[in-house]
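Enquirer: I am attaching a structure below and will ask some questions about it afterwards.
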Amino acid sequence: MTTSTKSDSAAKRDVTKLQRAIVDGLEDVKAHDIQVFNTEALSPLFERVIVASGTSNRQTKALASSVREAVKEAGFPVPRQEGEQNGEWIIVDCGAAVCHIMQPAIRQYYRLEEIWGETPVRLKIGAAKPKPAELAAKKLAAKQAVEKAAAENTVVEKKPAAKKAAAKKPAAKSATAAAVKKPAAKKPAAKKTTAAAKTVKTVVVKPSTPRTAKPATAKPAAKRAPRAKA
């Protein structure tokens, strides 16, 4: 008996959580005249029927997609959907709850409230959305992911700085290469100066030879002078 009561209470909690998610999805796109009905005594297939109105085909399609996303985020299976092509009446089957999104003229014609409206459910429209433990865990995981990404970005930003420093090294090599090339260019100029010096020495040596020859010719004139005295 205790296990059955626990399962029943858990099932009721799931139903209330599901209907809250559906209503939140409808409110996000500003649905009109949202009504919730308890159908436990009327049908064994589902326990809630939710009816809402959209003013155009675009709004009804947006309401249906918003309901599907809200139900998925609440942890329930992805609902099935019918009537999306027409857009006048879209049915979103969420399992234990069925949501009918209708345009005003279609809603007035079929009057689903008269069929399922024996036991309406009082629900606060515009109430604050609940924050389950799953959403809190997702937020924590998202924060951790952001912190990791920030840490990785700081590490990645430091690496290019090291690359820039490494890129400066070839510039130093080019400077040394230029320094080596400059002395090599000066060596031919030194050779030219030594060659010019050699040519000057040879020119200076040539005039010395005729000066030594002149005294050799003057010696015979000194010998002829005593003969004139006799």
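Enquirer: Taking interchain pairs and intrachain pairs at least six residues apart, which have beta carbon atoms under 9 angstrom, with the first residue in the stretch 26-42 and at negative phi and the second among the acidic types (D, E) and open to solvent by 90 Å² or more (accessible area, probe 1.4 Å)?
Expert: Going by the 9 Å Cβ cut-off, the qualifying pairs are D28/E69; F37/E118; N38/E118; T39/E118; A41/E118; L42/E118.
Enquirer: Please determine whether any residue of the stretch 123-143 is at pLDDT below 95, surrounded by 14 or more Cβ atoms within 10 Å (Cβ to Cβ) and within 19 Å of F37 (Cβ to Cβ).
Expert: Yes, the stretch 123-143 contains at least one residue that is at pLDDT below 95, surrounded by 14 or more Cβ atoms within 10 Å (Cβ to Cβ) and within 19 Å of F37 (Cβ to Cβ).
Enquirer: Would you mind finding the one in R58, R80, R68 that is more than 16 Å from R107 (Cβ to Cβ), of a type in the set (K, R), in contact with a strand residue (DSSP E or B) (Cβ under 6 Å, 6 or more places away or on another chain) and open to solvent by 20 Å² or more (accessible area, probe 1.4 Å)?
Expert: On the way: R58 fails: in contact with a strand residue (DSSP E or B) (Cβ under 6 Å, 6 or more places away or on another chain); R68 fails: in contact with a strand residue (DSSP E or B) (Cβ under 6 Å, 6 or more places away or on another chain).
The unique qualifying residue is R80.
Enquirer: Continuing with the same structure: Hey, can you tell me all the residues within the stretch 93-115 that are within 41 Å of the chain's Cα centre (by Cα) and touching a residue at least 60 places away in the same chain (Cβ under 8 Å)?
Expert: Those that are within 41 Å of the chain's Cα centre (by Cα) and touching a residue at least 60 places away in the same chain (Cβ under 8 Å): C94, G95, A96, A97, C99, I101.
Enquirer: Please state which one of G117, G75 is at positive phi and at pLDDT below 95.
Expert: Details: G117 fails: at positive phi.
Step by step, each of G117, G75 is checked, and only G75 is at positive phi and at pLDDT below 95.
Results for (1) modelled with pLDDT of 95 or more; (2) surrounded by 17 or more Cβ atoms within 10 Å (Cβ to Cβ), shown as yes or no for each residue.
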{"residue": "T3", "(1), (2)": "no, no"}
{"residue": "A10", "(1), (2)": "no, no"}
{"residue": "E47", "(1), (2)": "no, yes"}
{"residue": "A52", "(1), (2)": "yes, yes"}
{"residue": "V92", "(1), (2)": "yes, yes"}
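The values are calculated or read from the model by the stated rules, or taken from the named source; none is laboratory data. Since the model is a prediction, treat every value here as computed from it, not as a measurement. Here the Cβ is made from the backbone with ideal geometry for all residues, glycine too, and neighbour counts use every protein chain on show. Surface areas here come from the heavy atoms of the whole protein model, side chains and all, with no ligands, DNA or RNA. Shrake-Rupley method; radii C 1.70, N 1.55, O 1.52, S 1.80 Å.
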